[in-house]
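Have a look at the structure below, then the notes.
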Amino acid sequence: MAQTPAFDKPKVELHVHLDGSIRPETILHYGRQRGVALPAYTAQELQNIIGMDKPLTLPGFLEKFNYYMPAIAGCREAVKRIAYEFVEMKAKEGVVYVEVRYSPHLLANSKVQPIPWNQAEGDLTPDEVVALVNQGLQEGERDFKVKVRSILCCMRHEPGWSHDVVELCKKYRQTVVGIDLAGDETIQGSSLFPGHMKAYEEAVKSGIHRTVHAGEAGPAEVVKEAVDRLKTERLGHGYHTLDDDVLYNRLKQQNMHFEICPWSSYLTGSWNPDTDHPVVRLKNDRANYSINTDDPLIFKSTMNTDYQMIKQMGLTEEEFKRLNINAAKSSFLPEDEKKELLSQLYKAYGVPLPASAAGQHL
């Protein structure tokens, strides 16, 4: 019997990785078609090998991608298909607007140094990856009636890619709404690698929206760097901000948006389950945050997994409405589209439309 959803109204998702949201069946299909060895023969077995049931470290979690990315990367048809199927998946979860993120370089096999996943050099460039993902997402939007935009990721361990990433954000700015810095946060000082710093400076100059993975596995110091040096507008995770009261109070006053991924924070070992989850503090302080799935393939999860988890921590339907409205307000959509999204939510939630819908956070 299907589980009753914890929150069956329209939802907004701001932190989910395309390459962490692929259907196991699709991975098997391309593995077979392209002769790429995979560690399993059925979708269920593959899901169990890639998937996690108990906490690992952040680097341990990142290892999981090595199992299946070689089946998808470098293949035009696969790249477009995973984007299309992603939108179908979000439609089933009741998501009405989603910002999906990915590294174009990790799906390419040409004009990228080093070529990822031990692939032979091919002819799929990061630029064409973005064009293919856009096509898949747009066809998904049309067929499943979910609004989708994307965010392009710089990778902490490859600062040489970051210049390309910001240039692709500029080139595709109709569909790409922001830039991110993702990857292994435990690489010391990686926020301040010159390649990343220059890309973020260029993003600020070009009016490109910015988010950064920070304070997930790393300390509050990484959050400070993301805010003060990279000028981030949102924080990916950000849990360890709460270890530094001065920083947390400053960001709360600035209305910083925290992209919270509850189930992910448990499985990556970023939250100690013997303590209150940071989301409880954010709720009590009426801070600005969203609830997100992060990498549902690896976490064997859906949006409902995360909502059920925080419902058990005492978050109510009213709080679910508030956090989704704040997610819409903190989205990287242009103001007119943001207003449309907000009025859709207010209507679905039976909340009266405020005078300035896109203004103050709730």
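The values are calculated or read from the model by the stated rules, or taken from the named source; none is laboratory data. Just so you know, these numbers come straight off a predicted model, no measurement behind them. Here the Cβ is made from the backbone with ideal geometry for all residues, glycine too, and neighbour counts use every protein chain on show. Each accessible area value is taken on the protein alone, full model and side chains, heavy atoms only, with ligands, DNA and RNA left out. Shrake-Rupley method; radii C 1.70, N 1.55, O 1.52, S 1.80 Å.
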Problem - Which listed residue, of His157, His105, is within 19 Å of the chain's Cα centre (by Cα) and either surrounded by 22 or more Cβ atoms within 10 Å (Cβ to Cβ) or assigned to a helix (DSSP H, G or I) (or both) - result: His105
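Here's the yes/no breakdown for (1) within 22 Å of Ile325 (Cβ to Cβ); (2) under 17 Å from the mean Cα position of the chain (by Cα); (3) open to solvent by 50 Å² or more (accessible area, probe 1.4 Å); (4) in contact (Cβ under 8 Å) with a residue 60 or more places away in the chain:
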site: Arg229; (1), (2), (3), (4): no, no, yes, no
site: Arg234; (1), (2), (3), (4): yes, yes, no, yes
site: Asp245; (1), (2), (3), (4): no, no, yes, no
site: Phe258; (1), (2), (3), (4): yes, yes, no, no
site: Pro262; (1), (2), (3), (4): yes, yes, no, no
Handout entry: Pair list, Cβ under 9 Å, 6 or more apart: the stretch 32-48 residue in a helix (DSSP H, G or I), other residue of a type in the set (Lys, Arg) and open to solvent by less than 80 Å² (accessible area, probe 1.4 Å)
Key = Gln47/Lys300; Asn48/Lys300
Completion exercise
If we keep only residues of the stretch 321-343 that are open to solvent by less than 10 Å² (accessible area, probe 1.4 Å) and polar (S, T, N, Q), then the residue nearest to Lys92 (Cα to Cα) is Asn324
Problem - Verdict on Leu62 being modelled with pLDDT of 95 or more and surrounded by 16 or more Cβ atoms within 10 Å (Cβ to Cβ) - result: no
Exercise for the section: Kindly establish whether Pro55 is under 19 Å from the mean Cα position of the chain (by Cα) and touching a residue at least 60 places away in the same chain (Cβ under 8 Å). Expected result: no
Problem - Gln33 vs. criteria at pLDDT 95 or above, open to solvent by 50 Å² or more (accessible area, probe 1.4 Å) and among the polar types (S, T, N, Q) - result: yes
Completion exercise
Subset of the stretch 71-88, residues under 15 Å from Val129 (Cα atoms) and open to solvent by 10 Å² or more (accessible area, probe 1.4 Å), comes to Gly74, Cys75, Arg76, Glu77, Lys80, Arg81, Tyr84
Exercise for the section: Mind listing just one residue for me: the one in the stretch 296-320 that is open to solvent by 50 Å² or more (accessible area, probe 1.4 Å) and of a type in the set (S, T, N, Q) and, of those, nearest to Pro55 (Cα to Cα)? Expected result: Thr302
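Conditions (1) among the hydrophobic types (A, V, I, L, M, F, W, C); (2) in a loop (DSSP other than H, G, I, E, B); (3) touching a residue at least 40 places away in the same chain (Cβ under 8 Å), marked per residue:
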| position | (1), (2), (3) |
| --- | --- |
| Ser162 | no, no, no |
| Val166 | yes, no, yes |
| Cys169 | yes, no, no |
| Arg173 | no, yes, no |
| Gly178 | no, no, yes |
| Thr186 | no, yes, yes |
Practice task
Go through the stretch 7-30 residue by residue and tally those that are farther than 14 Å from Pro296 by Cα and either open to solvent by 10 Å² or more (accessible area, probe 1.4 Å) or not in a loop (DSSP other than H, G, I, E, B) (or both).
Solution key: 11
Fill in the blank from the handout: Checked the stretch 198-227 for anything among the polar types (S, T, N, Q) and crowded, with 23+ Cβ neighbours inside 10 Å; matches are Thr211
Practice task
Report, by residue number, each residue of the stretch 264-289 that is aliphatic (A, V, I, L, M) and open to solvent by 10 Å² or more (accessible area, probe 1.4 Å).
Solution key: Val280
Practice task
State whether the residues of the stretch 117-139 include one that is more than 21 Å from the chain's Cα centre (by Cα), closer than 18 Å to Lys80 by Cα, free of Cβ contacts under 8 Å to residues at least 40 places away in the same chain and open to solvent by 10 Å² or more (accessible area, probe 1.4 Å).
Solution key: yes
Exercise for the section: Select from the stretch 121-139 the residues that are assigned to a helix (DSSP H, G or I) and of a type in the set (A, V, I, L, M, F, W, C) and write down the one among them that is nearest to Pro70 (Cα to Cα). Expected result: Val129
Exercise for the section: Would you check if Thr293 is among the hydroxyl-bearing types (Ser, Thr, Tyr), open to solvent by less than 10 Å² (accessible area, probe 1.4 Å) and in contact with a helix residue (DSSP H, G or I) (Cβ under 7 Å, 6 or more places away or on another chain)? Expected result: yes
